[in-house]
Amino acid sequence: MSDVSRVPSGSTLEIHDLHVAVGDKEILRGVNLTVKAGETHAIMGPNGSGKSTLAYAIAGHPKYTITSGRVLLDGADLLEMTVDERARAGLFLAMQYPVEVPGVSVSNFLRTAVTSMRGEAPKLRQFAKDLKTGMDALSIDAAFAQRNLNEGFSGGEKKRHEILQLELLKPKIAVLDETDSGLDVDALRVVSEGINRFRSSGETGVLLITHYTRILRYVKPDFVHVFAAGRIVEQGGPELADKLEAEGYEAYTKASA
Ligand SMILES: Nc1ncnc2c1ncn2[C@@H]1O[C@H](COP(=O)(O)OP(=O)(O)OP(=O)(O)O)[C@@H](O)[C@H]1O
Ligand SMILES: [Mg+2]
């Protein structure tokens, strides 16, 4: 992983001293984080500590104002890019609360997303084949492709749909916010296997935001970061997740209050 003599084949996301506000409220207060291809980073932390804000800010959500700091993808300034350009540069964000889009089917949405990422439309027949392969791998029923985007999706369907997007879009860096919440045991396994397939190439980086160590048993992180009050207050390996599960966040929330 840290063999400096090897030329890295994948991408790097660098976050430097990021400060983000919503309105005049400062939420992120200096986040530093680097995610390289082949690495999986877990971000854990109490409710309201700013984890989703980090994901939205990186993705370019207009509500989140970057007050200072830098975010680079392979050296290019991500914050200067439009939301579309960020996706084309290889960034993928799965949101905690995805929006419903009536009148747009899952299949149409995915084809449009693949088109905007590649800069050209995939051949219909090939796309249909890839879509079927991805859906089969995630045990998604064929009828799902014709449903309206996110409309009435159950928690589990939303999450499987996220992983389906990963499989089809093959981004360089994936930010997954609460991908494990609301999943039953079988769905958690299917979704985790999907993430593991996605990262098995070693050419993609994953930033996994989660509350629970349950998913981390299936998707082993290389690094665990603890978020409290808008910054990273501790970092460690996978063992840190077990410590958090046993002891909670109180030690961190007290210290940063
Ligand atoms: N669009 C917004 N408008 C107003 N306040 C916001 C907005 N987005 C985030 N906040 C505030 O910023 C703080 C951090 O929220 P955020 O959603 O990033 O937390 P989180 O760590 O993801 O929490 P959770 O674990 O509950 O998902 C909260 O106090 C929240 O109310
Ligand atoms: Mg959140």
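The values are calculated or read from the model by the stated rules, or taken from the named source; none is laboratory data. All values reported here derive from a predicted model rather than from experimental measurement. Methodologically, a virtual Cβ is constructed for each residue, glycine included, from the backbone with ideal geometry; neighbour enumeration extends over all protein chains shown. Please note that ligands, DNA and RNA were not included when accessible areas were found on the heavy atoms of the full protein model with its side chains. Shrake-Rupley method; radii C 1.70, N 1.55, O 1.52, S 1.80 Å.
Values as computed for the structure displayed
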| item | result |
| --- | --- |
| DSSP beta bridges in the chain [antiparallel fraction, %, rounded to 5] | 60 |
| Long-range HN-HN contacts of VAL175 with modeled amide H, under 5 Å | PHE92, LEU93, ALA94, LEU207 |
| Solvent-accessible ranking of TYR212, TYR64, largest area first, probe 1.4 Å | TYR212, TYR64 |
| For the chain, calculated [θ]222 nm from helices alone, where every DSSP H run of n ≥ 4 adds -39500 (n - 2.57) | -10500 deg cm²/dmol |
| Test item: Cα-centred dipole of the chain, Lys/Arg +1 and Asp/Glu -1 on Cβ, debye | 540 |
| 18 Å Cα-Cα threshold exceeded, pairs from LYS36/LYS243; LYS159/LYS243; LYS25/LYS51 | LYS36/LYS243; LYS159/LYS243 |
| Region 160-168 - phi-based ³J(HN,Hα) in whole Hz, Karplus 6.51/-1.76/1.60, Gly and Pro as x | 5, 4, 4, 5, 4, 4, 4, 5, 7 |
| Relative contact order for region 4-256, counting Cα pairs under 8 Å that sit 6 or more residues apart, in percent | 28 |
| Loop-exposed GluC sites (Glu not before Pro) per DSSP, neighbour cap 16 Cβ within 10 angstrom, longest uninterrupted part of the chain | 1-99 |
| Note, ³J(HN,Hα) from phi for region 42-54, Karplus 6.51, -1.76, 1.60, rounded to Hz, x at Gly and Pro | 9, 10, 10, x, x, 3, x, 7, x, 5, 5, 4, 4 |
| Separation of alpha-carbon centers, region 64-85 and region 190-219, rounded to whole Å | 24 |
| ³J(HN,Hα) computed for each position of region 72-85 - Karplus, 6.51 cos²θ - 1.76 cosθ + 1.60, integer Hz, glycine/proline x | 10, 10, 6, x, 8, 6, 5, 5, 7, 8, 6, 4, 4, 5 |
| For q = 0.09, 0.11, 0.15 Å⁻¹, Debye-computed log10 I/I(0) when each Cα of the chain counts as one equal scatterer | -0.39, -0.59, -1.13 |
| Per-residue SASA entry for HIS61, accessible area with 1.4 Å probe, Å² rounded to 10 | 70 |
